[in-house]
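Student: Structure below; questions to follow.
Bear in mind that the values in this text are calculations on the coordinates, not laboratory data. Computed from a prediction, not measured in an experiment: that's the story for all the values here. When we count neighbours, we look across all protein chains shown, and the Cβ atoms used for this are built from the backbone with ideal geometry, even at glycine.
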Amino acid sequence: MNRTLDLKAIFEALPNLNLILSADPEFIMLAASDARLQATNSTREACIGRSIFEVFGNNPDETAASGAGALRASLERVLETRAPDRMAITKYDIPRPATEGGGFEVRYWSPINVPVLNEQREVTCIIHQTQDVTEQVMGRDAPTRGHSDERFRAALLASGTGTFNWYLQDDSLYVDHALEQIFGLGMERKLDTFERLIELVHPADRSRVRFAFERYGQAQDLTVEFRLARPGEEQWLACKARVFRDASGSLSYVAGACTDISARKRAEEALRVSENRLRQLNETLEARVAAEVSERSRTEQALRQAQKMEAVGQLTGGIAHDFNNLLTGIIGSLDLMQRRFRRGEVADVERYINAAATSAQRASALTQRLLAFSRQQALDLKPVDVNHLVASLEDLLHRTTGENIAVITQLSAGLPPACMDVNQLENAVINLVINARDAMPHGGRITISTANFQLGSEPDPARRGLTEGEYVLLTVSDTGVGMTPDVIERAFEPFFTTKPIGKGTGLGLSMIYGYIKQAKGYIHIESKPESGTRVHLYLPVHHGEASAVEVAQERTLQGTGETILVVEDEPVVRSLVVEVLNDLGYETLEAGEASEALLITESSQRIDLMVSDVGLPGMNGRQLAEIVRQQRPGLKVLFATGYAESFAANDILGPDMAVMAKPFAIDAFAQKVGEMLGS
């Protein structure tokens, strides 16, 4: 026999007092039983649609009210764990009707908060069920309650534990009798502020205790161990505490406990002493010899570490100097634009925009050089005709070096193509020629030569990093001042330069070193003072046809309504990419992480191209592409990344996949999207 259930009647018939709250930080009251409304002196019109903390706020007459904080903490646990949370009996005063004199009346409640989950195990709402236990707490159970309190105090004293509450609004501190005994306080001393608590801490531990307690500002739980400032044997305490919020969601108070761990600390110290004695007894002649060898090894390692730290110091100092200059140009231009805009002056705004854009582009170039040095730059490796590339640069190099320097090319015929990034190889040649020019202030000769080179299985002692294989050898030599052995040894260090301040960043050779190594090539310097310098680039051979340098189209390709899925965890970047694509005539879909993107790709929604960041939280962009390609074979994927060591070679990219390095120009990005879609 089919019967329609009367859900409202069931809801009203349930025992206890029931509320249904929204599953969000506001905890909006969605429904309330008549019994609940009657017990709290409220009406449905005054409650439904408002936050429970707005309707039932703290009693303003109680500076140490904690009911709202305990309730909020319980509801937040339900959202986090998706499991019911039973609260302890909680004091939560209820507003008294104006007809009965207003104000608040004392109430005690026994609540439980139960989540309601959908098929995806997401919390859709929370049932807040409570029972009014004021009479039991205030009336006939008062003797039992007092007896229980005494047993609780005795248990705390026996375990060496005391509790405290620190109220943040007025910096007041409340400690129980057990904690007063642990701190050794007499009747004449009161521990009522945080500063007085700090005075009782050992001076050597005070900064650590302050740091731990200051973490409440980030709503983080705190754990710290410290000693008490008292003569005689050391007394150690372990403190654990949690931060609670008030009805408005603001940080309200910190509740915690301190436990005496002196016995554990003494046992740990005794164990350490015992272990030290055991090690001393086990020492032998062989161990002492090993110690001498180890000491020598540590000394050598310390020397190497000092050299590394010197390089790191130069790196960080150089980065700070260059980026501060660049940021000054960006921030200063933006500040001036803002001032002009406020005054309604727009005549010179374009000049400041150009200045900020120029500084930003220089910062981008500096970042690319750093990535190249660290071998974490996305390279577009393809077969390159090295002779053709050098020949195409001759006019530029002649103009760069000046009239007193001759640039000569000696290019061997029949070279196989090299597997390199065209743009980075061009930058390398230009940087090496500029370095050679600067090494010849009174003029000279620069020679750029190419040749075949093959290394067999026998390693070359002079080129220890060069592996077996075929290479195209590109050499840039000059007749300049040359280098000392010390300079050659440090030539590839970032920000190391022999040029005067302002004449060079010291990133040129380190950048070349980085991406040559990343492309599995090798770089070698031969030089002597006053005998010129020769820089050899060993470029790995690509067995295939060489490709000519691509020429970018002059116009930006427009879309014709294609749908593009943008997967990017940074909201600002995602909104920028979406806006650019929309302006170009594309339809867009957005996802902040891989799981959101998969929900879209699993649907029947049309998708012509997926633009994805590589460094997504959880599943990265490359893993996402593999799964999506299983769902949608042949879907085109464009990766955009600022850290792409795994994308250094095109053979890692599948068909119809491409990668762009961040930051990228909007026009270049639009051009790449148009090319992939065949617009």
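Student: Rounded, prolate or oblate: which fits region 7-138 when a ≥ b ≥ c are the square roots of the eigenvalues of the alpha-carbon gyration tensor, with rounded for a/c under 1.5 and prolate only if a/b beats b/c?
Tutor: It is prolate, given that a/c is not under 1.5 and a/b is the larger ratio.
Student: Right, another one. Structure shown: which of Lys8/Lys91; Lys382/Lys662; Lys190/Lys265; Lys240/Lys265; Lys520/Lys636 lie over 25 Å apart, alpha-carbon to alpha-carbon?
Tutor: Long pairs (Cα-Cα over 25 Å): Lys8/Lys91; Lys190/Lys265; Lys520/Lys636.
Student: Return Glu100, Glu234 ranked ascending by Cβ neighbour count within 10 Å, so the fewest neighbours appear first.
Tutor: Exposure proxy ranking, most exposed first: Glu100, Glu234.
Student: So, one more: Tell me, Ile182, Ile512 in order of fewest to most beta-carbon neighbours within 10 Å?
Tutor: Ile182, Ile512
Student: Under a crude label model (7 Å from the Cα following the beta-carbon direction), how far is Arg264 from Asp34 in nanometres?
Tutor: 5.5 nm
Student: Quick check on packing: order 223-232, 428-437, 668-677 by the mean number of other C-beta atoms within 10 Å, highest mean leading.
Tutor: So the peptides 223-232, 428-437, 668-677, ranked by packing, come out 428-437, 668-677, 223-232.
Student: Working out 0.36 nm times the residue gap between Phe341 and Gln631, then minus their Cα-Cα distance, what length gain in nm do you get to one decimal?
Tutor: Extending this stretch completely gives an extra 99.4 nm.
Student: With only alpha-carbon pairs counted, each pair once and no self-pairs, how large is the Kirkwood hydrodynamic radius of region 563-677 in angstroms?
Tutor: Mean inverse Cα-Cα distance, inverted, gives 14.0 Å.
Student: Evaluate the Kirkwood expression for the hydrodynamic radius of region 381-540, namely the inverse of the mean inverse distance over all pairs of different C-alpha atoms, and round to one decimal in Å.
Tutor: When all Cα pairs of region 381-540 are included, the Kirkwood radius is 16.1 Å.
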